[in-house]
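Undergrad: Here it is, the structure in full.
The values are calculated or read from the model by the stated rules, or taken from the named source; none is laboratory data. All values derive from a computational prediction rather than experimental measurement. For neighbour counting, all protein chains shown are included, and Cβ atoms are generated from backbone atoms with ideal geometry for every residue, glycine included.
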């Protein structure tokens, strides 16, 4: 196996000292516009979007182990003004926001004029690719090919890849995945895609909020843990903070390495006027993030215990002579 020393270092940078992942997700673009301007998202000015992201970073980042930002509104902006702490693990997205194509065959796209090399140059510790995916969709193989290409680009520059998967229904009569159908898609997606590429899987909780029995949650998360070939974390998908804390506890007990959490932590605060927003983020936002950190540190599995990278050869004498340049 080719040594991936930079990949290991990048994952360590995004994790806590114990190797667990409590990462703040703030790469929202279209979703954030809709939150701030529900009547006309396109009218929300660039400056307001950037300032909201900087406010969240300033308030909460020192509690998290790492942060996920986008290049359009967050990553460079938080670096240049000093909002992002110097030691923060930085994951940068490479996909464009949203999807094209029909709702039953969603197409993910890379952000034009942006990619893995640019993210590495700006100082990213890791890359994130969001893939809309259903194993039985007509375009599943094309989505798989996009993953393979981005994973290869990350390996070429020795950066880790966080693979985010979002499932959807391919049945036009049932527009949302719920119950057992969602569990099936989440688990099959993990099994298929983690065999193709990625270093950390960022996935949806296997059940939607309509399923509340914790024994079913645990069984589904254990199935997900078995299916994934790489360490996995769960995303919050905008559920309320109490629900996500419960999901995090169950997922970590089943083998998850942590969370990549967005709106469940900061969503309620960013809708307030600026002064109230900053005060809310510094108190309630930090408290929500800290509660998740406590759960992850107590119950989560360190990423090294789960990763194929842990089996790579130990660098021997003169290892650097064959290290790709």
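Undergrad: How many residues are surrounded by 16 or more Cβ atoms within 10 Å (Cβ to Cβ) and assigned to a loop (DSSP other than H, G, I, E, B) when one looks only at the range 5-32?
TA: Count: 7.
Undergrad: Quick test of your reading of the structure: residue 169 fulfils all but one of (1) part of a helix (DSSP H, G or I); (2) surrounded by fewer than 24 Cβ atoms within 10 Å (Cβ to Cβ). Name the failing condition by number.
TA: Unmet for residue 169, out of (1) part of a helix (DSSP H, G or I); (2) surrounded by fewer than 24 Cβ atoms within 10 Å (Cβ to Cβ): (1).
Undergrad: So residue 160 fits all but one of (1) without any contact (Cβ under 8 Å) to a residue 60 or more places away in the chain; (2) surrounded by 15 or more Cβ atoms within 10 Å (Cβ to Cβ); what number is the exception?
TA: The failed condition is (1).
Undergrad: Looking at the range 223-241, which of the residues that are touching a helix residue (DSSP H, G or I) at 6+ places or on another chain (Cβ under 7 Å) and surrounded by fewer than 16 Cβ atoms within 10 Å (Cβ to Cβ) is farthest from residue 189 (Cα to Cα)?
TA: The selected residue is 240.
Undergrad: Could you tell me which residue of the range 228-242 is farthest from residue 200 (Cα to Cα), considering only residues that are part of a loop (DSSP other than H, G, I, E, B) and out of contact with any strand residue (DSSP E or B) (no Cβ under 7 Å at 6 or more places or on another chain)? Walk me through it before giving the result.
TA: Looking only at the range 228-242, we keep the residues that are part of a loop (DSSP other than H, G, I, E, B), and these are 228-231, 236-240.
From what's left, out of contact with any strand residue (DSSP E or B) (no Cβ under 7 Å at 6 or more places or on another chain): 229, 237-240.
On the way: 229: 9, 237: 17, 238: 21, 239: 22, 240: 24 Å.
Per the criteria, the residue is 240.
Undergrad: Only one of 164, 245 is outside any helix (DSSP H, G or I) and closer than 19 Å to residue 21 by Cβ. Can you tell me which?
TA: Of 164, 245, the one residue that is outside any helix (DSSP H, G or I) and closer than 19 Å to residue 21 by Cβ is 164.
Undergrad: How many residues are touching a residue at least 12 places away in the same chain (Cβ under 8 Å) and surrounded by fewer than 24 Cβ atoms within 10 Å (Cβ to Cβ) when one looks only at the range 271-287?
TA: So the count comes out to 8.
Undergrad: Now for a separate question. Quick test of your reading of the structure: residue 268 fulfils all but one of (1) surrounded by fewer than 21 Cβ atoms within 10 Å (Cβ to Cβ); (2) in contact with a helix residue (DSSP H, G or I) (Cβ under 8 Å, 6 or more places away or on another chain); (3) free of Cβ contacts under 8 Å to residues at least 40 places away in the same chain; (4) in a helix (DSSP H, G or I). Name the failing condition by number.
TA: (4)
Undergrad: Applying the selection to the range 303-325, what residues are modelled with pLDDT of 95 or more, out of contact with any strand residue (DSSP E or B) (no Cβ under 9 Å at 6 or more places or on another chain) and crowded, with 17+ Cβ neighbours inside 10 Å?
TA: Those that are modelled with pLDDT of 95 or more, out of contact with any strand residue (DSSP E or B) (no Cβ under 9 Å at 6 or more places or on another chain) and crowded, with 17+ Cβ neighbours inside 10 Å: none in the range 303-325.
Undergrad: For the range 174-198, give me the residue count where each residue is touching a residue at least 12 places away in the same chain (Cβ under 8 Å) and more than 15 Å from residue 227 (Cβ to Cβ).
TA: 7
Undergrad: Looking only at the range 187-214, which residues are in a helix (DSSP H, G or I) and surrounded by fewer than 24 Cβ atoms within 10 Å (Cβ to Cβ)?
TA: Within the range 187-214, the subset in a helix (DSSP H, G or I) is 187-193, 214.
Selection gives 187, 188, 191, 192, 214.
Undergrad: For the range 248-265, enumerate the residues that are in a helix (DSSP H, G or I) and touching a residue at least 60 places away in the same chain (Cβ under 8 Å).
TA: Within the range 248-265, 263, 265 meet the criteria.
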